[in-house]
Amino acid sequence: MKIRNIQMYVKTVLNKDDTLAIFSEIQKTIQQNKEIRLNNLIDSIFQDLKSRFQFESMNIFLLDHNYENLIPYKLTNPSLDHKIIDEIYQMPIPMKEEGGIGTYVVQKRMNVYIPELSEDMVLSSWGKKVLELTHMKSNLLFPLFADGAVCGIITFPTYREKLELNEKQIEEIQQYVFYISVAVTSLFFSVELKERNQFIEKKNMQMHEDLKLAKRIQKSLIPANPPQFEGISLASFYKPMDEIGGDFFDFLRTREPHLLGIYISDISGHGVPAALIGSMVKTLIETAGVKRTTPGKFLNFINNKIIGQTSGNFLTAFYGLYNQKTKLFRYSRGAHPYPLLIRDEKIIPLQSQGKILGVMEDLEFEEKEIQLFSKDKILFYTDGLTEALSPEGKEFEAILEEIILRIAFLPISNIISLLYQELIHFKKNIDFDDDICLVGLEIE
């Protein structure tokens with residue numbers, strides 16, 4: 001029940017000091033979200049009704065979420081044995097059952113007053129059971145409303161004496177029922193909100209645990225340290241945007257010990273879906289076999305295997321193969337940022353043609369080869385580096401080559417470390433909109 005509806009009702013119908021005092025207390029209690037105080041307030045209203053109209057009891061039933069049953073919510077019956085009350089608490093009123101007075105009140109949205117109850121008036125099995133347990137004499141029933149919709153019923157049965165009321169008294173009682181309806185529905189929604197928040201909190205904790213597990217799995221898939229390979233130095237750095245990211249890299253060994261493969265990719269999206277695709281790619285890499293020795297065929301193999309398995313995601317990728325004997329570097333790319341060859345204070349992009357992976361089958365990836373020399377360095381990266389923005393909206397790509405040339409004399413591991421520090425300085429914070437992945441190779 002929204003507060004504005006309460007206020008409207010008070011202004012147009014209830015303009016007495018006592019009713020305004022009740023409303024003020026309800027409003028204050030609702031705002032404080034105090035369940036115990038709302039319950040006490042309902043009891044206080046009932047005590048007032050009891051003294052004015054000689055009521056013996058008050059029962060509140062609320063509709064369940066499926067609108068199939070009226071569930072006993074609050075039974076105040078001092079004259080009944082507690083065992084009988086406990087039994088009634090276990091007896092929801094079925095809405096589908098014909099002949100039920102409570103069902104009639106809900107369906108017709110109207111009050112029902114029965115001054116003298118007899119067995120032939122009770123048609124439902126629920127009503128007959130209650131009559132047998134309690135020997136009810138009279139009953140007065142009202143629908144409870146929340147935002148204009150019926151949410152339950154309130155009943156005032158008697159078990160010792162018949163209840164005699166005139167029309168004016170029933171109208172006065174209905175004013176009290178209105179307040180009880182406000183308090184009950186506010187209490188109900190308060191409890192429901194708490195349960196919902198607890199459910200969300202539980203789900204968030206479960207999601208957090210799932211993310212931690214996914215992070216551990218991803219961490220196990222990405223090389224913790226570059227392998228030792230004679231004649232070259234390797235370095236890497238990886239920082240996911242979230243708990244887990246979509247960038248992936250690996251160092252691949254083949255049956256020929258003088259060959260080393262370097263793979264890097266950027267999966268669209270972030271989080272668990274991207275990480276799962278990375279896990280799938282890792283598995284495919286390990287089953288690629290002899291295709292590892294041919295970069296173009298290797299990328300085509302990955303592409304064909306992930307078609308229809310990525311739920312609309314795709315990836316860019318680069319794969320290069322270094323030959324220790326000849327110092328030749330053969331490579332192919334699929335729409336991935338060009339790796340940068342750093343040589344003699346110059347930067348040479350390693351260009352080749354190739355489309356994104358995971359969209360179309362049987363793609364051709366151009367394969368190129370370059371002769372490497374001592375002191376050459378290659379920087380592999382994902383677009384999280386080049387597309388990082390400064391507070392002014394400038395991309396890091398605009399100053400990347402300038403920074404690299406300034407520190408090109410340093411070992412590749414230092415270049416990668418300093419690049420990340422320069423990136424933080426450029427952004428002026430350590431929060432990123434994309435994963436950051438850097439891999440480096442240096443010929444000794």
How about the range 423-442: which of its residues are of a type outside the set (A, V, I, L, M, F, W, C), touching a residue at least 24 places away in the same chain (Cβ under 8 Å) and farther than 16 Å from THR382 by Cα? LYS427, LYS428, GLU442
Unique match (being at pLDDT below 90 and over 30 Å from LEU63 (Cβ atoms)) among GLU201, GLU161: GLU161
Would you check which residues across the range 154-185 are among the aliphatic types (A, V, I, L, M) and closer than 16 Å to ASN77 by Cα and list them? ILE154, LEU163
Answer residue from the range 149-171, given it is free of Cβ contacts under 8 Å to residues at least 12 places away in the same chain and outside any strand (DSSP E or B) and is surrounded by the most Cβ atoms within 10 Å (Cβ to Cβ) among those: GLU171
Would you mind telling me which numbered condition in (1) within 24 Å of PHE373 (Cα to Cα); (2) outside the structural domain of LEU438 (by TED's automatic domain parsing) HIS208 fails? (1)
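The values are calculated or read from the model by the stated rules, or taken from the named source; none is laboratory data. In this text the structure is predicted, and so the values were computed from the model without any measurement. FYI the Cβ positions are ideal-geometry reconstructions off the backbone, even for glycines, and counts take in every protein chain you see.
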